[in-house]
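Written out below as structure tokens is the structure these notes cover.
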Amino acid sequence: MTEPATGRWESSYHAPVMVEQVVALLSGAEQVLDCTLGGGGHSEALLASGSSVVALDRDEAAISEARKRLAPYEASGRFLALRGNFGEIDRIPELEGRLFDAILADLGVSSHQIDADDRGFSFRPGALLDMRMDRRSTTTAAELLNTLDESDLSQIFRDYGDEPRANRLAREIVRRRDRKAMHVSDDLVDAIRGTFGARMGPGDFARLFQAVRIAVNDELEVLETALPLLRDKLKPGGRLAIISYHSGEDRLAKHTMREWSLSCVCPPRQPQCTCRGKALGKLLTKRALTAAPEETALNPRSRSARLRAWQSAA
């Protein structure tokens, strides 16, 4: 039986999303920068299509697993894995002076990170409240939940979790932690249920845990910093693809790519153009691409994925 294309690049570590769409958008790129290596699925697909790949990840475990998987490509000199944060791409010595034909950033968490209780990305009972993508970082989810004041907690759940009743949840967390510090997933789940009632389900927990994860890793701030840095790492005519899973991430990618595609960004009533006066490139996706039904059936985590792409001016 032929293996479904949507599952072709899976591994025990991670199931990458929208691989076929990514390869099609970046087709023909000789040198690709994969900013979020994860389990190596996207990198392997790009390598199989003929590209050479330099890949980054903050997670040392992800790099180790991907290097095992992609060892033949590494041995041939077509694959290089580096530990680093794509928001600091201008400070990675190995990338100094290098430009790429295509760049990919998949902003999701790997399946392995979600499934490993000691990483703390899951709301399964007993999972530690950690959520650090880079374990060299000192701030865990537990520390954040136990130390931030009520207004800061409320802002996290409102801005990153789209929760209109964020103030109530923040107040409940502060009340509970005064009696007993938050340590495992059950503590946050119980606070959510204690605030909103027992009818809260997995979708609600996933949304609110994701909000905490975004705060722990400064994900929106990192993306905002990274986008112009990634653009400047493209060769003329180079392509940038972003896969996001959160409305804030997708909105930031959409608005940034649209602004880069405008020939003038001066205020509407300004009588004379004083800005750059030309578009920096063009959109390759007028609307975000989403995973096909066949893929979402195999990998439910792909349902929230949104893929946008942009090409720099030649």
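The values are calculated or read from the model by the stated rules, or taken from the named source; none is laboratory data. Given the structure is predicted, the values throughout are model-derived calculations rather than measurements. So basically every Cβ, Gly included, is an ideal-geometry build from the backbone, and we count neighbours across all protein chains shown. Note: accessible area is taken over every heavy atom of the protein model, side chains too, but ligands, DNA and RNA are not part of it. Shrake-Rupley method; radii C 1.70, N 1.55, O 1.52, S 1.80 Å.
On the basis of being at pLDDT below 95, charged (D, E, K, R) and loosely packed, with under 12 Cβ neighbours inside 10 Å, does ARG269 make the cut? Yes, satisfied. The set of residues in the stretch 229-263 that are open to solvent by 60 Å² or more (accessible area, probe 1.4 Å), over 19 Å from ILE214 (Cβ atoms) and not charged (D, E, K, R) comprises PRO236, LEU262, SER263.
Candidates THR296, THR256, THR225, THR274: the one that is among the hydroxyl-bearing types (Ser, Thr, Tyr) and at pLDDT below 90 is THR274. Identify, please: which residue in the stretch 281-306 is open to solvent by 50 Å² or more (accessible area, probe 1.4 Å) and part of a loop (DSSP other than H, G, I, E, B) and is, among those, nearest to LYS235 (Cα to Cα)? Filtering first and then ranking leaves LEU284. Of all the numbered requirements in (1) under 18 Å from ARG119 (Cβ atoms); (2) open to solvent by less than 40 Å² (accessible area, probe 1.4 Å); (3) of a type in the set (A, V, I, L, M), ALA206 misses one, and that requirement is (2).
In the stretch 187-243, the qualifying residues are those that are under 14 Å from LEU145 (Cβ atoms) and β-branched (Val, Ile, Thr), and the one that is nearest to the chain's Cα centre (by Cα) is ILE214. Of the helices (runs of 4 or more DSSP H) lying entirely inside the stretch 175-278, those containing at least 1 residues that are within 29 Å of ARG98 (Cα to Cα) and in contact with a Lys or Arg (Cβ under 8 Å, 6 or more places away or on another chain) span 219-231, 247-260.
Residue-by-condition table, conditions (1) touching a Ser or Thr at 6+ places or on another chain (Cβ under 9 Å); (2) among the aliphatic types (A, V, I, L, M); (3) without any contact (Cβ under 8 Å) to a residue 60 or more places away in the chain:
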position: GLY248; (1), (2), (3): no, no, no
position: ALA253; (1), (2), (3): yes, yes, yes
position: GLN270; (1), (2), (3): no, no, yes
position: ARG276; (1), (2), (3): yes, no, yes
position: LEU280; (1), (2), (3): yes, yes, yes
position: ALA288; (1), (2), (3): yes, yes, yes
position: ASN299; (1), (2), (3): yes, no, no
position: SER304; (1), (2), (3): yes, no, yes
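Take ALA198 and tell me if it is crowded, with 19+ Cβ neighbours inside 10 Å, among the small types (Gly, Ala, Ser) and either more than 30 Å from LYS286 (Cα to Cα) or out of contact with any Asp or Glu (no Cβ under 7 Å at 6 or more places or on another chain) (or both). No.
Among the residues making up the stretch 51-73, those that are open to solvent by 20 Å² or more (accessible area, probe 1.4 Å), farther than 16 Å from GLY38 by Cα and either touching a residue at least 12 places away in the same chain (Cβ under 8 Å) or touching a Leu at 6+ places or on another chain (Cβ under 8 Å) (or both) are SER52, TYR73. Going through the stretch 18-41 one residue at a time, which ones are open to solvent by 10 Å² or more (accessible area, probe 1.4 Å) and farther than 20 Å from THR296 by Cβ? Hits for the stretch 18-41 are SER27, GLY28, GLU30, GLN31, THR36.
For the stretch 144-174: of the residues being open to solvent by less than 20 Å² (accessible area, probe 1.4 Å) and in a loop (DSSP other than H, G, I, E, B), which is farthest from ALA215 (Cα to Cα)?
Selected residue: GLU163.
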